[in-house]
Amino acid sequence: MVRKSYGDPVAEDLRYVVKAIIGEENFVEMYPNRSNNFCCGGGGGFLQSGFPDQRREYGRIKAEQILATGAKYCITPCHNCHAQVHDLSDVRNHPWETVHIWTLLCLSLGILGPNERAYLGEDLKDVDVFHPESSNF
Amino acid sequence: MAEQAIKLGGKKQSTFIDKVKEMLPEGGNLNLCLTCGACSSGCPATGLEGMDPRKFLRMAALGMDEEITSTPWSWMCSMCQRCIYVCPMKINIPQLVYFARQSWPRDKRPKGILGSCDIALRNDTCSAMGATEEDFQFVVEDVLEEYQEAQPEFAKMLAPVNKKNVTYYLNQNSREPVTEPDEMVPLWKILHLVGADWTYGTKGWAAENYCMFMADDDGWRKIVETKAKAVEDLGCKVWLNTE
Ligand code: SF4
Ligand code: SF4
């Protein structure tokens, strides 16, 4: 989305959204970023092309970028990225969680129900921000 | 980067790169390469199958058509375009890769992509997982009802299907209705809270397009046209694709 169509301005818009959701102090930038970032390797059909070893080798750069941030959550923008980044974490014994932005947005609004938390880690699974009626408990 | 020297086959008899050049605006800048290597140094696919983008381009330029059109590396370039971004000459290597994919006999292309493309072409939903119009509508309505009951604050939330003349037509990746339907709900909640006027459609609802990855131009076009028609037939103003 950033490199192919809307350019860096849309990357800024998304940073605004993410920081508004999780708080500026919880946002960790990866390097390189924006148009200069690396593809995770889930795109272009790679996930379905039947070359899992090569795909994971391709994704090593992305995995190292994520690990270098020390962040516990990586937000991914589309299904291909989600599946690939999730798999990259999986094969490393889950050093990070991989989430869609809608999950965190709903969590921050206090409207994320118990069945919508498949991709949250143990630390956030039971977090209920405002609304007790959509609670786990 | 190569372990052994590349042998060239006598007289240049290239057709592949010339054909590609004819098809691209400005010839894709394919003969402007400075061999600087910026593309390869920042390409995550560098090294796979002993290939990298600069080498791929050089081999094409040298007329090594057979190697270019048979290396499985074509399926390991994710078309991310980082090489174009860093290239001083803005050379379109992924487009060259796309045409290399296209040179593979259709039935020899990767099974996973081929199967998904063919299934999507089978019906108007464009679902690569083969979910039908009825399946989709049933899952959406079923999940909605469940949430309206279980979460009273969302009793009035809607997930319309085939609603006419609304602002947004929303696509949905098949993965959710087929394998993890609860994952559709957070987006519905957000749309509900902001008061968005939106709909799904039974036709063209699936967001994915594997025929594009397959480099199957006709299939790709058919899927895009089917989806665009679905949006137009419902009279929606904006087509939202979450892919
Ligand atoms: S970055 Fe561009 S000019 Fe440099 S080697 Fe790659 S294709 Fe050639
Ligand atoms: S588009 Fe392909 S060749 Fe270019 S950087 Fe991405 S993976 Fe490498």
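You will find that of B:Ser70, B:Ser74, the residue that is within 12 Å of chain A (Cβ to nearest Cβ) and of a type in the set (S, T, N, Q) is B:Ser74 and no other. Of all residues in the range B:89-108, one or more are surrounded by fewer than 17 Cβ atoms within 10 Å (Cβ to Cβ), aliphatic (A, V, I, L, M) and either farther than 23 Å from A:Asn36 by Cβ or within 16 Å of ligand 2 (Cβ to nearest atom) (or both). Of all residue pairs spaced 6 or more apart or on separate chains, those with beta-carbon atoms under 7 Å, a first member in the range B:38-55 that is at the interface with another protein chain (Cβ under 9 Å from one of its Cβ atoms) and a second member that is aliphatic (A, V, I, L, M) and away from ligand 1 (no atom under 13 Å from the Cβ) are B:Pro44/A:Ile61; B:Ala45/B:Met76; B:Leu48/B:Met76; B:Glu49/B:Met76.
The residue that is farthest from ligand 1 (Cβ to nearest atom), among those in the range B:68-88 that are among the polar types (S, T, N, Q) and over 16 Å from A:Gly59 (Cα atoms), is B:Ser70.
Need pairs with beta-carbon distance below 7 Å; first residue farther than 21 Å from A:Gly7 by Cα and within the range B:68-93, second hydroxyl-bearing (Ser, Thr, Tyr) and outside any helix (DSSP H, G or I); sequence gap 6+ or separate chains. The qualifying pairs are B:Thr69/B:Ser103; B:Trp75/A:Ser49. For B:Ser78, the requirement of being modelled with pLDDT of 95 or more, in a loop (DSSP other than H, G, I, E, B), touching a Phe, Trp or Tyr at 6+ places or on another chain (Cβ under 6 Å) and hydroxyl-bearing (Ser, Thr, Tyr) is met. A Cβ distance below 6 Å, combined with a sequence gap of six or more or placement on separate chains, defines the contacts here; from the range A:37-48, residues that are more than 7 Å from chain B (Cβ to nearest Cβ) reach residues that are in a loop (DSSP other than H, G, I, E, B) and not polar (S, T, N, Q) in the pairs A:Cys40/A:Gly59.
Each row is one residue, and each column tells you yes or no for (1) in a loop (DSSP other than H, G, I, E, B); (2) open to solvent by less than 70 Å² (accessible area, probe 1.4 Å).
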site	(1), (2)
A:Pro9	no, no
A:Asp13	no, no
A:Phe38	yes, yes
A:Arg55	no, yes
A:Glu64	no, no
A:Leu67	no, no
A:Asp87	no, yes
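For the range A:15-36, residues that are surrounded by 15 or more Cβ atoms within 10 Å (Cβ to Cβ) and aliphatic (A, V, I, L, M) total 4. The set of residues in the range B:148-169 being open to solvent by less than 80 Å² (accessible area, probe 1.4 Å), closer than 18 Å to B:Tyr200 by Cα and in a loop (DSSP other than H, G, I, E, B) consists of B:Met157, B:Ala159, B:Pro160, B:Asn162, B:Val166, B:Thr167. Residues that are assigned to a loop (DSSP other than H, G, I, E, B) and in contact (Cβ under 8 Å) with a residue 12 or more places away in the chain within the range B:131-147 comprise just one, B:Ala131. Checking each residue in the range B:109-127 for being part of a loop (DSSP other than H, G, I, E, B), open to solvent by 10 Å² or more (accessible area, probe 1.4 Å) and within 14 Å of chain A (Cβ to nearest Cβ) picks out B:Arg109, B:Pro110. Within the range B:22-60, work out how many residues are surrounded by 16 or more Cβ atoms within 10 Å (Cβ to Cβ) and under 13 Å from B:Val97 (Cα atoms). The number of residues fulfilling the criteria is 12.
Hey, among the residues in the range B:195-217 that are of a type outside the set (D, E, K, R), within 11 Å of another protein chain (Cβ to nearest Cβ) and assigned to a loop (DSSP other than H, G, I, E, B), which one's nearest to the chain's Cα centre (by Cα)? Filtering the range B:195-217 for residues that are of a type outside the set (D, E, K, R), within 11 Å of another protein chain (Cβ to nearest Cβ) and assigned to a loop (DSSP other than H, G, I, E, B), the one nearest to the chain's Cα centre (by Cα) comes out as B:Asn209. Apart from one condition, B:Ala60 fits all of (1) more than 12 Å from ligand 1 (Cβ to nearest atom); (2) over 16 Å from A:Gly43 (Cβ atoms); the exception is (1). Would you check if there is a residue in the range B:223-243 being open to solvent by 60 Å² or more (accessible area, probe 1.4 Å), outside any helix (DSSP H, G or I), at pLDDT below 95 and touching a helix residue (DSSP H, G or I) at 6+ places or on another chain (Cβ under 7 Å)? Yes; the residues of the range B:223-243 include at least one that is open to solvent by 60 Å² or more (accessible area, probe 1.4 Å), outside any helix (DSSP H, G or I), at pLDDT below 95 and touching a helix residue (DSSP H, G or I) at 6+ places or on another chain (Cβ under 7 Å).
The values are calculated or read from the model by the stated rules, or taken from the named source; none is laboratory data. This is a predicted model, so every value here is computed, not measured. Methodologically, a virtual Cβ is constructed for each residue, glycine included, from the backbone with ideal geometry; neighbour enumeration extends over all protein chains shown. With ligands, DNA and RNA removed, areas are computed over all heavy atoms of the protein, side chains included. Shrake-Rupley method; radii C 1.70, N 1.55, O 1.52, S 1.80 Å.
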